[in-house]
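One structure below.
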Amino acid sequence: MKYQQFLTPTISCQGSVVDLDLEALTKRGVKGLILDFDDTLLPLGALIVDPAVVQWVEQSKGLFKVWIVSNNPNRKFLEAMGQVLGLQTITSANKPSRRALLRVLTEMDLPPQQVAIIGDRLFTDVLVGNRLGMVTVLVKPPGNSTVFWQGGFLRRIERFLVRPLS
Ligand SMILES: [Mg+2]
């Protein structure tokens, strides 16, 4: 696999998680979801998860095994969020390191091909998912957030870096 393929998501969603076609994922054989948190479930800088996202999580839990795996080191905050959403949560995951995800795959008792990682970042979420042979889904931040400039800035850099390769 050439390295640009590692940075190409299986599915590139034009919207946020709430716009994902969950039925299409189940038809692909996906049985587990690993969710990024920052800018995937909660726009960076926001403190409250959008009700539409909460509802989406509820719907997802009815179809898949669902975990949050975040690089965010704020364990207290993330675990509180995980509790509110009813999801098990790993913080300081160090994506694109595979370690945390391998742990979740073991906990889910699913092969990587049956698990989708959903996130907003190519160099963390998509890269680690592709390294493991998972289904990778790139999404945009939810809600009507005016995206925190650093998040937008990083994404622009990533897109800039990836475009010439594809
Ligand atoms: Mg993120």
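Here, each number is a calculation from the coordinates, and none is a lab measurement. None of the values given here were measured: they were computed from a predicted structure. Note that each Cβ is placed from the backbone with ideal geometry, even for glycine, and that neighbours are counted across all protein chains shown.
What is the sum of charges around residue 107, taking Lys and Arg as +1, Asp and Glu as -1, for the other residues whose C-beta is under 14 Å from the C-beta of residue 107?
Working: positive: 31, 65, 99, 103; negative: 109.
Result for the local shell: +3.
Considering only Cα-Cα distances, which of the following residue pairs are longer than 31 Å: 27/140; 31/76; 27/76? Provide the component values of the computation, followed by the final result.
Values: 27/140 23 Å; 31/76 28 Å; 27/76 36 Å.
The pairs that break the limit, which is 31 Å between Cα atoms, are 27/76.
Got the relative contact order for the chain handy, in percent, Cα pairs under 8 Å and 6 or more residues apart?
Reported as a whole number, the value is 34 percent.
Compute the Rg to Rh ratio over the chain from the alpha carbon atoms, using the Kirkwood formula for Rh, and round to two decimal places. Let's see the in-between values first.
Numbers: Rg = 14.6 Å, Rh = 15.7 Å.
Answer for the chain: 0.93.
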